[in-house]
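One structure below.
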Amino acid sequence: MRVGSFVLGAQFPGQGQGEALHRAVRSAEVAEEAGLDAVWLAEHHFVPYGTCPSAVTLAALLLGRTRRIRVGTAVSVLPTVHPVTLGEQAALLHVTSGGRFSLGVGRGGPWVDLEVFGAGLEAYEKGFPESLDLLVRWLREPAVGASGERFRFREVPVVPRPSESLTEGAGPEVVVACTSPASVRMAAERGLPMLLGMHAGDEEKAEMVALWRQHARAAGHPAAQIHGAAHVSAGVCQIADRRVDAAETLLKAMPGWLRQGLGAHVTVDGRTRRMRDPHAYTELLCGLHPVGSPRLCADRIAATGERTGISRFALLVEGSGDLAATEENVRRLGSEVLPQLR
């Protein structure tokens, strides 16, 4: 069981962007001090839901400030970046950090980001598999060329090669954010572990893991790889002596952030997107995830692992919106919850 924090750099009402990013960096530093296994960094553009526009850049900063903890992106939005550019950055971080970097990628949404970065809606709707395959090839092969619909170029050498790192792994792991049966199948056919969102409960995640295994078997992946796949479950964690106090902390702070952050998303083609009710969504998250006493939180994490077969967790720890409270939350996760899981 490996437990990490999930960091968005969330900008709560009344806060500045610098304050949100400072809390993100500080919470990651405290995560290493507290004994957590990983820090997973989200990426968003043009919205206060998350103020980090480049998860791979923030990962570089945190890898330089830490010595032990694994740092991953959750996720780098692949349709808005050239996969070779992202592959070069991932290889660089893998080599220079001694193998402590994980690359999580996802489709993102049909947001105005696609217009700003010149990718277009087709990159979101149809282009993700081609981008993913090119990215994985870049991280695994000594030289790469492309002749696809979106990317065409002559063969060029991969520099730096991830395999040149003085580590046991051939390169950084690639994790794929999955929210649909189609994305589960795409990840499974390539043998890539999944990142499953915090909106999904244990039953839904268990079904997605079972579907992943089914498609992975059909694709011919060995049984050891299938059952050893280290999927990641995203969630929320808030610790207090009583569950009612932990839930109250989140219910006071998170709805305002969600309303402001999710409401700022603009679609690239003007399509209407229905926003979740912020208060009801916060209540849902409190019911699905480790929110409560240390004992309850440990039991909740263990139960999710047992029900789903998922061995890694990325837990949102900044739901209070307050720096001091976030630091305390991370420290309690490390000192009072993790020992019960190990």
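The values are calculated or read from the model by the stated rules, or taken from the named source; none is laboratory data. What you see is a predicted model, and the numbers here were worked out from it, not measured in a lab. Glycine also receives a Cβ, built like all others from the backbone with ideal geometry; neighbour counts cover every protein chain displayed. The area values use the complete protein model at the heavy-atom level, side chains included, leaving out ligands, DNA and RNA. Shrake-Rupley method; radii C 1.70, N 1.55, O 1.52, S 1.80 Å.
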Note to self: C-alpha centroids of segment 1-47 and segment 285-342 sit apart, in Å, by 15 Å
Counting only heavy atoms of protein chains, what accessible area per residue, in Å², does segment 10-103 have with a probe of 1.4 Å? 34 Å²
Apply the a/c threshold of 1.5 to the C-alpha gyration tensor of segment 251-342 and tell me whether it is rounded, prolate or oblate. prolate
For segment 195-270, listing trypsin sites (Lys or Arg not before Pro) in a DSSP loop whose Cβ sees at most 16 other Cβ atoms within 10 Å gives Arg242
Under the rule rounded for a/c under 1.5, else prolate if a/b exceeds b/c, else oblate, using alpha carbon gyration tensor axes a ≥ b ≥ c, segment 180-275 is classed as oblate
Taking the Cα centre of segment 192-342 as the origin and placing charges on Cβ (Lys, Arg +1; Asp, Glu -1), which of Leu341, Pro193, Leu262 is farthest toward the positive end of the dipole? Pro193
Have a look at Leu166, Val105, His82 and report the one farthest towards the positive end of the charge dipole of the chain, computed about the Cα centre with Cβ charges (Lys/Arg +1, Asp/Glu -1). Leu166
Check: the chain dipole with +1 on Lys, Arg Cβ and -1 on Asp, Glu Cβ, in debye: 360 debye
Using DSSP, restrict attention to beta bridges with both residues in the chain and report what percent are antiparallel, rounded to the nearest 5. 15 percent
Calculate the dipole size of segment 178-279 relative to its Cα centre from +1 charges on Lys and Arg beta carbons and -1 charges on Asp and Glu beta carbons; express the result in debye to the nearest 20. 260 debye
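What 222 nm value per residue comes from the helices of the chain, counting each DSSP H run with n ≥ 4 as -39,500 (n - 2.57) and dividing by all residues, nearest 500 deg cm²/dmol?
Mean residue ellipticity at 222 nm (helix-derived): -13500 deg cm²/dmol.
For segment 269-316, take the alpha-carbon Rg, divide it by the Kirkwood Rh, and send me Rg/Rh. Could you put the intermediate results ahead of the total?
Numbers: Rg = 14.7 Å, Rh = 12.8 Å.
Taking Rg over the Kirkwood Rh, I get 1.15.
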Just to confirm the filter: which trypsin sites (Lys or Arg not before Pro) across segment 45-139 are DSSP coil and have at most 13 other Cβ within 10 angstrom of their Cβ? Arg67, Arg68, Lys126
Loop only per DSSP, at most 15 neighbouring Cβ atoms within 10 Å: give me the chymotrypsin sites (Phe, Trp or Tyr not before Pro) in segment 41-127, ordered by residue number. Phe46, Phe117
Hey, got the dipole for segment 135-213? About the Cα centre, +1 on K and R Cβ, -1 on D and E Cβ, debye to the nearest 20? 420 debye
Listed residue (Pro13, Ser27, Ala38) projecting farthest to the positive dipole end of segment 1-41, Cβ model: Pro13
Averaged per residue, the 1.4 Å probe accessible area of segment 187-342, protein heavy atoms only, in Å², is roughly 43 Å²
Which percent of the accessible heavy-atom area of the chain goes to carbon and sulfur, probe 1.4 angstrom? 51 percent
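Starting from the Cα gyration tensor of segment 217-261, take the square roots of the eigenvalues, sort them a ≥ b ≥ c, and report rounded, prolate or oblate (rounded when a/c is under 1.5, otherwise prolate if a/b is larger than b/c, else oblate).
In terms of gyration-tensor shape, oblate.
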Above 27 Å lies some portion of the pair distances; for the chain, what is it as a whole percent of all C-alpha pairs? 44 percent
